[in-house]
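Inspection log for the structure reproduced underneath, given as structure tokens.
The values are calculated or read from the model by the stated rules, or taken from the named source; none is laboratory data. Everything quoted here is computed from the prediction, not taken from an experiment. No Cβ is skipped: glycine too gets one built from the backbone with ideal geometry, and neighbour counts run over all protein chains shown. The protein model used for the area step is the full one, side chains on, heavy atoms only, and it has no ligands, DNA or RNA in it. Shrake-Rupley method; radii C 1.70, N 1.55, O 1.52, S 1.80 Å.
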Amino acid sequence: MPTTPTENDAPSHHTARYAFKDAEARWQAAWDDGNCFAAVENPDLPKYYVLEMFPYPSGRIHMGHVRNYTMGDVVARYKRARGFNVLHPMGWDAFGMPAENAAMEKKVHPAEWTYANIDTMRRQLKLMGLSIDWSREIATCHPDYYRHEQKMFLDFVAAGLIYQREGWVNWDPVDQTVLANEQVIDGCGWRSGAPVEKRRLSQWFFRITDYAQDLLDALDSLDRWPEKVRLMQANWIGRSEGLRISFEMENREDRLEVYTTRPDTIFGASFCAISPEHPLAGELAAEGEGGNPALAAFIEECGRLGTSEAAIEKAEKVGFDTGLRVKHPFIDGRTLPVYVANFILMEYGTGAIFGCPAHDQRDLDFARKYGLDVLPVVVPEDDAAFTVENEAYSGPGKLANSAFLDGMDIDAAKAEIAGRIEAAGAGKREVNFRLRDWGISRQRYWGCPIPIIHCADCGGVPVPEADLPVVLPDDVSFDRPGNPLDRHETWKNVDCPSCGKPATRETDTFDTFVDSSWYFARFASPHADTPTDRAAADYWLPVDQYIGGIEHAILHLLYSRFFMRAMKKTGHAGMDEPFAGLFTQGMICHETYKTESGAWVEPADVLQGHGDNFVHAETRETVTVGRSEKMSKSKKNVIDPEDIISTYGADTARWFMLSDSPPERDLDWTESGITGAWRFSNRLWRLAAANAATLPPPGSDPGTSDARRAVHAAIAGVTEDLEAFHFNRSVARVHELVNALSDIDPATDGGALREGLETVTLLIGPMMPHLAEELWRMLGHDTLVADSPWPVADESLLVQDTVKLAVQVRGKMRGTVEIPHDADQATAEKAALALATVTAALDGAEIKKIIYVPNRIINVIH
RNA sequence: GCGGGCGUGGUGAAAUUGGUAAACACAAGGGACUUAAAAUCCCUCGGCUUCGGCCUUGCCGGUUCAAGUCCGGCCGCCCGCACCA
């Protein structure tokens, strides 16, 4: 660790330091006393809702939070200064697994653990000096919050937005719960990292697929979202246009429904394949005398292989010839074998395909393995000798070997087949989505109870509204794995609200992503008796600027978009899209250290020896410096924000977070970076402290000094950069301004220096709010920067009388000339041609052309 | 495999969207102040140079009066999705 700066050293102007500890506490109290950041609906003012993704109360804040909330606070304070009625709230995403893990490991109740963490993190966030309306604080684990979630669930059920069904689910064997598709990453649970298994369970689902098309189309309207996030969502929704074809089967009355996006390749079809979970597969295994034991065994084998997603990905493509054959729809007398194949997904399309090996790699692998025909039916143009060996061809070309399609391009052939199939009543055009309905049942205690009672006679009965909320029981134990609600007899066993007979509560709780799918709406009216107060929600929503990590590009951001639509349908909100503007920040990275034995080492335990040699402080093992990676406990490369804040102050931490790296990019935590920020805050403080006493009073004439141009250029520049989220450039411009102010002679240009110091104070207000208040007071003001309007640049000062014009000869730089601003071409030419370097470069040659871009460049061509 | 992004000094980066490449900072080196250190202040800081200049934004080519920026082709990293028919 660096030397801790001591406060209040010698009073010399060269060595005195900013006493940040006292100042930061003092100004935070002043903002509280002034109730500065309380948001009140006011239809006469333009509103601006700034929101950072709310934290999970894991224990302590980390650097990612500091960066996230600093950016949000800059936006909130800047917009306030620009006259907006700003809403900037904070809350806690407080349900979830870590609380239960803590309960199991530390024998502490999840609620107690969670609320203690919230207290710690609230205290830490307050140290940062954020302009938050704390009166709107919410925690999703509190019944005052989740009772409204239960109410909306019942409304959603009534509106047909929710259903219950049994189905295959992703089961996390470590967390002992179901995961949504979005929560399975590379075949493993997003939290536990354990390989996910397949289980069949009864689950509640949100009908997000009903909105697939709308969620896709509306992405175009989100013009203040990163292109990357919109693209990721579009890919996730995964729209595909194709054709459902109904194949006639030999010796069977029913038909085989197949979905394809390549109907043009129908003449190249050499087999059909169905999922092991397809009903037909089961029927064929059971039919006839004694059934088909080999097929039944194959299906069972697929089920066993398919217990983990990871296994599926590595599994070889295998099939089983059922002996059944289907008739080719366009070739009389041609039939195709029907296989059961392990790579066909029941959940997509119809769970059945036709295989065209020449134009699909999977089909080709399958055909080679089972000796099926490979007939190319799309041939690239100008390739007479085209054949398919081990690589399927999926590029453009003309149809061949395809009867009436021959010579067509792919699109025409698709249309032709679709038209004929539809005319014959043998299928129809169909749109399919990759997106699945959102399964929200979790077999966990620490979540919002699903307000349903299961009755043997009445089925799943909604809990009557009068009985809401269904509150989690406190008396639970975590000495056994599984869900304690399941074995809580008095909580679980209740009478059916419909018929009065004994019944049982649903013991599953909501996926915590449900909690975070509407919290932004609750912030508009956090104390309302209903989920939302429509007047408040209609005033504040949508969130104008949302800020958070890219890791939520799909999960949280897609769920919330769906939830907003569901709330609109049930009258709880009036719009479709929750977030008008989205900014995704980069991560905080730090160097990693490893011993020879491969163990990670904390930066504090590393000693630097000679040059680039590092050793472990205790063991003296050689330590190698690894590449910079995302700060994480497992890699032991974390820096605790509270240490930094207590050593350097919140403003220094905030300033460093905004400096150097563009906010969307990863930021490398460096010791020198934070000390640099600390030195700058002191330098600025000293500049003001050294001059405050002798400056002319507030409101004095700034005079006509040239220095004023730098002041107003800084206003214009910082304003532009903050609007565009270019915080690192704002920081650079403030540096430039302070450098310029340091050169002003207070004796001759005191008015200009006052204007400059006041301006820089207001400009850093959103970024280093405590220091800004301190300087403002020092400069003789008794108002708060937090209540002060943003400075306005004097346009007339931005235009310089003369400009330095770049001079080129045939595109090569030859020097610059100083000419009047907006000078005409003749003036510019005369000045340029008078330049010695220009005459030398021309060497008497005839000038053919002169290109002149006023105030920028002049290019002489010979 | 499919989709997307990125590549600029020792380092983080900037470049008014085609118009003086390297702003601002960090690190480094030199100096001042100091018994000394810290803090602070000043200077140097892309490369080569015969001191005239020449070269320089991953590599090759193109468009243009002019290319870090636009187009084509390579190379290298990073991210997302992935048996989706």
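For this structure, a couple of remarks:
- When the Cα positions of A:Leu607, A:Gly571, A:Thr584 are compared along the charge dipole of region A:566-662, A:Gly571 comes out farthest toward the positive end, with charges on each C-beta of Lys, Arg, Asp and Glu.
- Modelled label reach - A:Glu41, point 7 Å along Cα→Cβ, region A:499-532 residues with backbone N closer than 15 Å: A:521-532
- Ordering A:Ala688, A:His726, A:His62 by Cα displacement along the dipole of chain A toward the positive end leaves A:Ala688 in first place; charges were set at the Cβ atoms of Lys, Arg (+1) and Asp, Glu (-1).
- Long-range Cα-Cα pairs in region A:410-455 (distance over 14 Å), rounded percent: 72
- Dividing the mean sequence gap of close Cα pairs (under 8 Å, 6+ apart) by how many residues region A:17-103 holds gives a relative contact order of 39 percent.
- Filter on A:Lys594/A:Lys636; A:Lys107/A:Lys151; A:Lys126/A:Lys630; A:Lys47/A:Lys79; A:Lys369/A:Lys398 - keep pairs with C-alpha separation over 21 Å: A:Lys107/A:Lys151; A:Lys126/A:Lys630; A:Lys369/A:Lys398
- Among the listed pairs A:Lys21/A:Lys633; A:Lys414/A:Lys569; A:Lys492/A:Lys635, a Cα-Cα separation exceeding 31 Å is found for A:Lys414/A:Lys569; A:Lys492/A:Lys635.
- Normalised contact order of region A:736-862, rounded percent, pairs of Cα under 8 Å and 6 or more residues apart: 18
- Between helix A:671-691 and chain A: long-axis angle, C-alpha atoms, 0 to 90°, nearest 10: 30
- Apportionment of accessible area to carbon and sulfur, region A:407-538, percent (1.4 Å): 49
- Sites A:Ala845 and A:Gln825 - FRET efficiency at Förster radius 22 Å, r taken between beta-carbons, to 0.05: 0.65
- The calculated pair-distance distribution of region A:210-309 uses every alpha carbon pair, bins of 10 angstrom beginning at 0, and gives 11, 26, 26, 22, 11, 3, 0 percent.
- Extension gain for A:Met232-A:Val792 works out to 197.6 nm (0.36 nm per residue, less the C-alpha to C-alpha distance).
- With the convex hull drawn around the C-alpha atoms of region A:783-847, the volume per residue stands at 126 Å³.
- Rg to Rh quotient for chain A, alpha carbon positions, Kirkwood Rh: 1.05
- Placing one equal scatterer on every Cα of region A:42-142 and applying the Debye formula, the log10 ratio I(q)/I(0) at q = 0.10, 0.19, 0.20 Å⁻¹ is -0.32, -0.91, -0.97.
- Helix axis angle, A:293-305 relative to chain A longest principal axis, alpha carbon, degrees: 10
- Calculated accessible area for region A:146-256 comes out at 46 Å² per residue, all protein chains present (probe 1.4 Å; ligands, DNA, RNA ignored).
- Given their separation in residues at 0.36 nm each and the Cα-Cα distance between them, A:Gln213 and A:Ser646 gain 150.8 nm when the chain is fully extended.
- Calculated FRET value between A:Asp144 and A:Val606, using beta carbons and R₀ = 35 Å, to 0.05: 0.15
- Centroid-to-centroid separation of region A:402-423 and region A:33-99 [C-alpha atoms, Å]: 57
- Average projection area in nm² (convex hull over Cα atoms of region A:741-862, one quarter of hull surface): 10.8
- Working from Cα pairs under 8 Å separated by at least six residues, relative contact order for chain A is 13 percent.
- Think of chain A as a dipole: +1 on every Lys or Arg Cβ, -1 on every Asp or Glu Cβ, centred on the Cα centre; then among A:Gly425, A:His862, A:Pro791, A:His862 lies furthest on the positive end.
- Spread over its residues, the convex hull of the C-alpha atoms of region A:88-135 is 75 Å³ per residue.
- Over all projection directions, the Cα-based convex hull of region A:691-761 averages an area of 4.5 nm².
- Rounded to the nearest 10 degrees, the angle from helix A:97-106 to the longest Cα principal axis of chain A is 90 degrees.
- Radius of gyration and maximum dimension Dmax of region A:585-705, Cα, Å: 20.2, 68
- Inter-label distance, nm, simple model (7 Å from Cα along the C-beta direction), A:Asp332/A:Arg627: 6.5
- Probing with 1.4 Å while keeping every protein chain in the model, the per residue accessible area of region A:401-516 equals 44 Å².
- CD proxy at 222 nm, helix term only [per DSSP H run n ≥ 4: -39500 (n - 2.57); per residue of chain A; nearest 500]: -10500 deg cm²/dmol
- For region A:759-862, DSSP calls about 75 percent of its internal beta bridges antiparallel.
- Multiplying each eigenvalue of the alpha-carbon gyration tensor of region A:202-242 by 5 and taking the square root yields semi-axes of 22, 13, 10 Å, largest first, rounded to whole angstroms.
- Fully extending the segment from A:Asp479 to A:His862 would add 129.0 nm, taking 0.36 nm per residue of separation and subtracting the current Cα-Cα distance.
- Average projection, convex hull of the Cα set of region A:629-780: 9.4 square nanometres.
- Simple Cβ-charge dipole of chain A, Lys/Arg +1 and Asp/Glu -1, about Cα centre, in debye nearest 20: 580
- Spatial extent of region A:713-804: Rg and Dmax, with the Cα atoms as the point set, Å: 13.5, 43
- Filtered GluC sites (Glu not before Pro), region A:364-437: DSSP coil and at most 14 other beta carbons within 10 Å: A:Glu381, A:Glu389, A:Glu391
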